Structure formats: C-alpha cells, structure tokens
Amino acid sequence: MELIIERTENAPEADFDSVIESAAAGALSAEGVTDDCQISVTLCTNDEIAVLNKEYMNRDGATDVLSFPMTAFDSDGKMIPESKVYDGDKLVLGDIVISLERAAEQAKEFGHSERREVGFLTVHSMLHLLGYDHMEEGEREKMQAKEKKILTAINLPREAEEK
C-alpha cells in the first residue's frame, strides 16, 4: 500500500500518520483487497473542507471527512475491472480529506481521543473508497458493522475509550 499523507498549510499540527496507515491497511485487509493500492489523504481545517463540501457535494458547511473513490462497483459490491485506474503497478483507490478541527470536536463530543476519531474517519472513508455507502438503513448497518470490526482489529474500539 502506498499511502500519501499531506497537510494543508493551515491544518493543525498533529501526527496521525501511524493511525491513518493502520486504519487504511486494516480496511484493505478486512475487505480482502489483494491489489497493491495507492490512497491519498489530505488533512485540513474546517474552512478548507467546507469549500470542498460545497464544490463537490453541494452541501454548505464543514464536514468531518470526504471520500473521492476512483473506482466503480457493481450492484453486488464487486469492483468493476474496467474502472480500475493504475499509477504504475498500484491501484489508485482514491482520495480522503479529513478536517482535523472537526475530528477534534467530534472526539470531545464522543468522549474518546482524537487519534481514535481520525482512525474511525479513515476506516469510514476507506469503506467508501471500497464501494460502501450509508444512504439507506440496510447499507448504514452493514457499513457500521464493518467499521466496528476493523476498528476492533486495529485496536481502536470505541468501547475502550468511552468515559
């Protein structure tokens, strides 16, 4: 896995590289992805993600994470081979953008560490890159179960940090 982590100029100073790497690798492993993948992660501010949220999702305000998949999936959740994009020998899964300010707000709100929140947002976004969604209740339940399984496997279960 090639993980490209970048920070915008205004992003809060914090070292989340190891938890992002662990979360991305955990999601790939849990989903049985055997291709050598490339994932880009950008860490930014609320103001910066709000601009992207408006531009790409047509939604006002800051959000915690945005996912930009580079591959398409069929109705059975299988990656469509013709949609695969490669950079050299690496399958380009897509881009993840995380607002570190929103992650800090949510960590405080949910009573766990910022590290756990960034790990959760990475897993959540990786599942989007791998074709999952949560627009309907059944999809949401399936995605949440996968998130919980992956976070437990990488030693970031929510229960361990609840106050």
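Rule-based calculations on the coordinates, nothing more; no lab input. In this text, all values refer to a predicted model and were calculated from it rather than measured experimentally. Heads up, the Cβs are rebuilt from the backbone with ideal geometry, glycines too, and the neighbour counts pull from every protein chain shown.
A few remarks follow.
- Paramagnetic reach from ALA72 (point 7 Å along Cα→Cβ, amide N under 11 Å) across the stretch 111-135: none
- Label-to-label distance, GLU82 versus THR34, with points set 7 angstrom from Cα along the beta-carbon direction: 2.4 nm.
- Ellipticity estimate at 222 nm from DSSP helix runs (n ≥ 4, -39,500 (n - 2.57)) divided over the chain, nearest 500: -14000 deg cm²/dmol
- If only the Cβ of Lys and Arg carry +1 and only the Cβ of Asp and Glu carry -1, the dipole of the chain around its Cα centre is close to 400 debye.
- For the stretch 88-103, the Karplus equation 6.51 cos²θ - 1.76 cosθ + 1.60, evaluated at θ = phi - 60°, returns couplings of x, 9, 9, 6, 7, 7, x, 10, 10, 10, 10, 7, 5, 5, 5, 4 Hz by residue, with Gly and Pro reported as x.
- Taking 15 Å as the cut-off, the amide N atoms of the stretch 1-31 that come nearer than this to a point 7 Å along the Cα-to-beta-carbon line of GLU55 belong to 8-10.
- PHE73 long-range amide H proximity, modeled H, under 5 Å: ILE80
- Once backbone amide H atoms are built at 1.01 Å from N, ARG7 has LEU43 as its partners under 5 Å, excluding neighbours fewer than 5 places away on the same chain.
- Ranked by the mean number of other Cβ atoms within 10 Å per residue, highest first, peptides 111-122, 25-36 order as 111-122, 25-36.
- Cα-Cα over 24 Å, subset of LYS108/LYS148; LYS54/LYS84; LYS84/LYS148; LYS78/LYS148: LYS54/LYS84; LYS84/LYS148
- Rounded to the nearest Hz, the phi-derived 3J(HN,Hα) couplings of the stretch 43-58 under the Karplus curve 6.51 cos²θ - 1.76 cosθ + 1.60 (θ = phi - 60°) are 9, 9, 9, 4, 4, 5, 6, 4, 4, 5, 4, 5, 5, 9, 10, 6, where x marks glycine and proline.
- The stretch 40-163: C-alpha gyration tensor shape, a/c 1.5 cut-off, then a/b vs b/c: oblate
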